[in-house]
Every structure is written in structure tokens, then in C-alpha cells.
1. Looking at region 116-137, can you tell me whether even one residue there is under 19 Å from MET190 (Cα atoms) and either under 20 Å from the mean Cα position of the chain (by Cα) or surrounded by 15 or more Cβ atoms within 10 Å (Cβ to Cβ) (or both)?
2. Would you call ASP196 among the acidic types (Asp, Glu), without any contact (Cβ under 8 Å) to a residue 40 or more places away in the chain and not in a loop (DSSP other than H, G, I, E, B)?
3. Taking region 222-275, which residues are out of contact with any Asp or Glu (no Cβ under 9 Å at 6 or more places or on another chain), on the phi > 0 side of the Ramachandran plot and either in contact (Cβ under 8 Å) with a residue 40 or more places away in the chain or loosely packed, with under 14 Cβ neighbours inside 10 Å (or both)?
4. Take region 11-41 and flag every residue that is in contact with a helix residue (DSSP H, G or I) (Cβ under 6 Å, 6 or more places away or on another chain), crowded, with 21+ Cβ neighbours inside 10 Å and not in a helix (DSSP H, G or I).
5. Residues to consider are ARG302, ARG278, ARG316; find the one that is in the same structural domain as GLY24 (by TED's automatic domain parsing), within 18 Å of ILE6 (Cα to Cα) and among the charged types (D, E, K, R).
6. Return yes when THR64 is among the polar types (S, T, N, Q), in contact with a Phe, Trp or Tyr (Cβ under 9 Å, 6 or more places away or on another chain) and not in a loop (DSSP other than H, G, I, E, B) and no when it is not.
7. Going through region 160-181 one residue at a time, which ones are closer than 15 Å to ARG206 by Cα and either more than 21 Å from the chain's Cα centre (by Cα) or acidic (Asp, Glu) (or both)?
8. Taking region 61-102, which residues are of a type in the set (Val, Ile, Thr) and either under 18 Å from ALA130 (Cβ atoms) or more than 18 Å from the chain's Cα centre (by Cα) (or both)?
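The values are calculated or read from the model by the stated rules, or taken from the named source; none is laboratory data. Quick caveat, the model's predicted, so the values are computed rather than measured. Cβ placement follows ideal geometry from the backbone for every residue including glycine, while neighbour counts extend to all protein chains displayed.
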Amino acid sequence: MVDLAIVGAGPIGIETAILAKRAGLGYQLIEKGSIVNAIAGYPTYMTFFTTSERLEVGGHPLVTATDKPTRKEALDYYRKVVQNEQLELTSFTEVTALERRGDGFAVRMRSRGPVGGAERVIEARCVALATGYFDNPRALGVPGEDLPNVSHYYGEAHPFFHRDVTIVGAGSSAADAALDLFRGGAHVTMLHRGPDFRHSLKYWIRPNLENRVKEGSIDVHFDTVVREIRPDRVVAEKNGERFDIATDQTFLLTGYYASPDLLRSAGATLDDATLAARLDPESFESDVPGLFVVGSAGFGTRTSDVFIENGIVHARKAMAAIVRRLQRVPSAA
């Protein structure tokens, strides 16, 4: 049995593991892919929207060429932190269920491999769930969504030089992808069901995108929904009329949500509408004693409420509560 099982080795899970180690707890950090697997899936040449110091974990400085780190700088940083801290990490192992067992939990997991992996179970007195949301795109539920030239993730522009690309979505990630593809020589069309770009679109991105639309470099259709995706076109509808958009590649950048599966397996209460867990705002403990949920993992579809920087604050509050509980330290200490 370990004191604490930490599920998810993103920045918030890494921060949790560092705090557990420094508190002298027996812990295991479990990740179904590589460390910071979500960041590894970000666009190849992405620059973060936030500054370096707000992404730091464990007091380790994130040194970057400019004030905002690139994807590569972040990946280098988190690898070095895990290595220098010598964290107890089990990677490429997926936690499939959390079950109450006495005063603790049975953590069921399966190692991932080309032919399937072995199942095993560890016991933990507490669990910190830090699984994020990037693995769960919001599906449109339309025919053709599973075609090979359709993706919920954007990588880079180079393969789409002189090709037709359709982007569904109008937030910051969709806007960034549209501008990158335009600069890479693609013909870009954006579709959005709302009347304008999303209000959350970063203020420094909006003018550039609007100017590209105004000059005709990027096409955009507002108040438009996708009805079907075919290998060579997207069938859309606006004001009751359908029309086709020729496309070689479709990116469905409509957002993501935190999976409720592990929370449900442990018996946590979730909001029916948002899938958000019922959490103590001071400790981020769920209504299942000993199950703590940090970062966006407990926020269901409310992913815009949590970022890496405030998720790290969740981890620190949760670890303070976990240490008090496991070490039997009075809360006033």
C-alpha cells in the first residue's frame, strides 16, 4: 500500500508528486502516456499563452528565450524536473478504475503496449486525480467524424501547403491554427455555430485573425453548423440552407472535457449538466473521503475555469490536506 496514488503526470500531477515526496509520503505517480502527455500533443511550434513563471513546479525555474515558453521548452523543462526530483513514476500505464477498499482505494491499472498490457492493482490510502481533459475531445456527433482526414488535434501547417483545410471552432486554439495554416500556405475556412468569434479569444490574436478575414485570406462562416463530413468536403448548414465546402483536411477544434469515468468508478457525485465533481474548495477533496481532484480533472465540461497555473494551486491545497490527514497533524498546525 502507498500513502498516495497520483493519477496523471501533467504539470499538476508532477507538482503533487514533488510535494508528496518532500512530505515523506509513500506515493506513486501514474501516467497512461508520457509525462506531460497533453503538452506533447499541442501544436508543434506552439507558444504558451501564459508566462514562464506561472508554469513552474517544485520551485524549479523555467528558463526560456522570451517571457512565454514554447512547447519544446516546456517539454524539456518538465522532463528535467521529473529526472532531477527522481520521482516515482509509472508511465504508459492507464488507471482503469478506482474502487473503495476499507479506508483506502484499490487502484486498477493496465500497462499500455502494442498487444495489450498486464493488469495489476495497488492499494492507496488516498488518491489525487490529475488527469486533465485533453484526451477527451467534444464530438460533433455527425457522419464522417471518424474519417482519417478529420482530427480533433492540430499539429503543424507544413503538410497542408496549397491544400484546402476546414477548421470547426472559433476559440483561441482554432484561431491560432487558422493563422498558422494561412502562413503555411493553406487555404483556410473556419466554421462556427455562433454569430462571432468566441469572447474568450485572446485579445492579441483577434485583430490579426479579423484582418486576415477582412482581406479575404481566411474564409469564415458564422451561425453555421456541420451536418456531415465527407472525404473531400464538409456539408454545412446556415439559415436552413445546406452548402458544401471543399476540403482536404478537417480540424474539429471545438474543445475538450474531463472524463467522469474514474470519478464514477469511485462513487463521486457529479453534476448532471456539467459532469463537474462536488469538491471542497479549500482542499479539493471530493465527497468520497480520501479522493482529491486537482486541476481540470474535476470540472467536467467547465474546462475554461482551470488552467495549469491555477491547477497548481489546487495541488498545493490538496497536498496540505492530504499531509495533515496522513501524518495526523492537527489542521491548526
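1. Yes: one or more hits.
2. Considered against the rule, which asks whether it is among the acidic types (Asp, Glu), without any contact (Cβ under 8 Å) to a residue 40 or more places away in the chain and not in a loop (DSSP other than H, G, I, E, B), ASP196 comes out as no.
3. Answer for region 222-275, where residues must be out of contact with any Asp or Glu (no Cβ under 9 Å at 6 or more places or on another chain), on the phi > 0 side of the Ramachandran plot and either in contact (Cβ under 8 Å) with a residue 40 or more places away in the chain or loosely packed, with under 14 Cβ neighbours inside 10 Å (or both): ASP223, GLY240, GLY255.
4. Residues satisfying the conditions are TYR27, LEU29, ILE35, VAL36.
5. ARG316
6. Details: among the polar types (S, T, N, Q): yes; in contact with a Phe, Trp or Tyr (Cβ under 9 Å, 6 or more places away or on another chain): yes; not in a loop (DSSP other than H, G, I, E, B): no.
In short, no.
7. Matches in region 160-181: ASP176, LEU179, ASP180.
8. VAL63, THR64, THR66, VAL81, VAL82, THR90, THR93, VAL95, THR96
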